[in-house]
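The values are calculated or read from the model by the stated rules, or taken from the named source; none is laboratory data. Predicted model, so just to flag it, every value in this text is computed and none were measured. Quick reminder, even Gly has a Cβ in these numbers, built from the backbone with ideal geometry, and neighbours come from all protein chains shown. Heavy atoms of the whole protein, side chains included, go into the accessibility calculation; ligands, DNA and RNA do not. Shrake-Rupley method; radii C 1.70, N 1.55, O 1.52, S 1.80 Å.
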Amino acid sequence: MVTISLCMILKNEEKVLSRCLDSIANLVDEIIIVDTGSTDQTKEIAANYTSKIYSYPWKDDFSAARNYSFSKASMDYCMWMDADDILEGVEKEKFLYLKQSLDLNTDIVMMKYNTAFDEEGSPAFSYFRERWIKNIPKYHWIGEVHEVIPPNGNVTHSDIAISHKKEGVGDPDRNLRIYQKILRSGKTLDPRQQYYYGRELYYHQLYEDAISVFEKFLQSPDGWFENKIEACSICAKCYYKLKQNDSALLTLLRSLSFDVPRAELCCDIGNHFLECGNYANAIHWYETALNTVKKDHADGFILPDCYDYIPFLQLCVCYDKIGNRNKAKEYNEKAGCCKPYSQAYLHNKHYFENL
């Protein structure tokens, strides 16, 4: 059986830390806590689970703090979690089984990260992250924000899911401030940083600035194609906010130059034509979304609803708009099979029953 060091960096996490550690403490062999300046009871709570608590001055650099936490680990693998992450239910059993069966030649284990949920708590947004990393010097974090350990060596994917159950708002401006500090220092953002910087600009409604950054990223020969596909979607949202709908559509279609169609982008394109009243084109793109293959072990962002529920629901709308009520009702029932609790499905069901 392999051994695991859980390595966490924390600051003022008294509200969620016990929930996180209660879910994982009995499954790991060591807990490393690196506190970056808490003024609440974070360190006192952590002391109930481990004596290995270290202070580290915050330097606006997540990778530096995570590397420091890994430097204190003594087990076969380092694992990271944030304080508002949790390992739930059956995931614990899968975690223990993997720990007992993992080949020590494995360098990195990628695990699912569920970061958004629907009204019933089912994952609505997920992607894979490096979660167990062999405790050897060649693996270290890079990136002041949205830090990463570039996967290499013997990498395996597991369907174990860590759920990110955030409570509270936090500091919404922190990441943007760090990127702006990097730029003021004269440093150049690498392609991955450009992508995430563009996202921060979009979140802050700086749409023209975001478009400029995304265009630079998309034109670069470097950068991960999954990030480029996602960049097309977010850049299009910026164009829509600026009422530049034609540019938005062209940007969405540009995503097809990077790889085969993704259901997420097909739904975006379908929505464009639906909003324009071009229902035939909208139907084509929603049907294309249904025919795409969800790559469960892909490392890009995944919106599971785009592979069934959303296109079913939108096809219901499209067919209703062109007067084919039987087809519309059929697609609404398919949406209901995906999410029988969906308010949109139930609303449509009531609508059809009262025609």
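Name every residue in the range 196-231 that is in contact (Cβ under 8 Å) with a residue 24 or more places away in the chain, assigned to a helix (DSSP H, G or I) and among the acidic types (Asp, Glu), in order of residue number.
Hits for the range 196-231 are 200, 208, 226, 230.
Consider residue 7 carefully, then state whether it is in contact with a helix residue (DSSP H, G or I) (Cβ under 7 Å, 6 or more places away or on another chain), open to solvent by less than 20 Å² (accessible area, probe 1.4 Å) and either in contact (Cβ under 8 Å) with a residue 40 or more places away in the chain or charged (D, E, K, R) (or both). Lay out the reasoning, then the answer.
Working: in contact with a helix residue (DSSP H, G or I) (Cβ under 7 Å, 6 or more places away or on another chain): yes; open to solvent by less than 20 Å² (accessible area, probe 1.4 Å): yes; either in contact (Cβ under 8 Å) with a residue 40 or more places away in the chain or charged (D, E, K, R) (or both): yes.
Spelling it out, residue 7 is indeed in contact with a helix residue (DSSP H, G or I) (Cβ under 7 Å, 6 or more places away or on another chain), open to solvent by less than 20 Å² (accessible area, probe 1.4 Å) and either in contact (Cβ under 8 Å) with a residue 40 or more places away in the chain or charged (D, E, K, R) (or both).
In the range 202-241, what residues are among the β-branched types (Val, Ile, Thr) and closer than 16 Å to residue 301 by Cβ? Before you say what the answer is, go through the steps one by one.
From the range 202-241, those among the β-branched types (Val, Ile, Thr) are 211, 213, 229, 234; that's our starting set.
Selection gives 229, 234.
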Quiz prompt | Pairs where the first residue, in the range 136-157, is of a type in the set (Gly, Ala, Ser) and the second is part of a loop (DSSP other than H, G, I, E, B) and open to solvent by 60 Å² or more (accessible area, probe 1.4 Å), C-beta under 6 Å, 6+ apart | solution = none
Quiz item: With (1) in a helix (DSSP H, G or I); (2) aliphatic (A, V, I, L, M); (3) over 28 Å from residue 125 (Cβ atoms) as the list, and residue 310 as the residue in question, which single condition is left unmet?
Solution: (3)
Quiz item: Which residues, taken from the range 285-300, are surrounded by fewer than 19 Cβ atoms within 10 Å (Cβ to Cβ) and either touching a Ser or Thr at 6+ places or on another chain (Cβ under 8 Å) or of a type in the set (Ser, Thr, Tyr) (or both)?
Solution: 288, 292
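Hand me the list of strands (runs of 3 or more DSSP E) wholly inside the range 50-167 holding 2 or more residues that are hydroxyl-bearing (Ser, Thr, Tyr) and open to solvent by 20 Å² or more (accessible area, probe 1.4 Å). Full working, then the answer.
Values: elements: 53-55, 77-80, 108-117, 123-134, 155-164.
Result: 53-55.
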Quiz item: Out of the range 235-284, which residues are open to solvent by 40 Å² or more (accessible area, probe 1.4 Å), under 21 Å from residue 305 (Cα atoms) and not acidic (Asp, Glu)?
Solution: 237, 253, 256, 260, 261, 271, 279, 281, 284
Quiz item: Inside the range 12-26, can you point out the residues that are surrounded by fewer than 16 Cβ atoms within 10 Å (Cβ to Cβ) and either in contact (Cβ under 8 Å) with a residue 12 or more places away in the chain or acidic (Asp, Glu) (or both)?
Solution: 15, 19, 22, 25
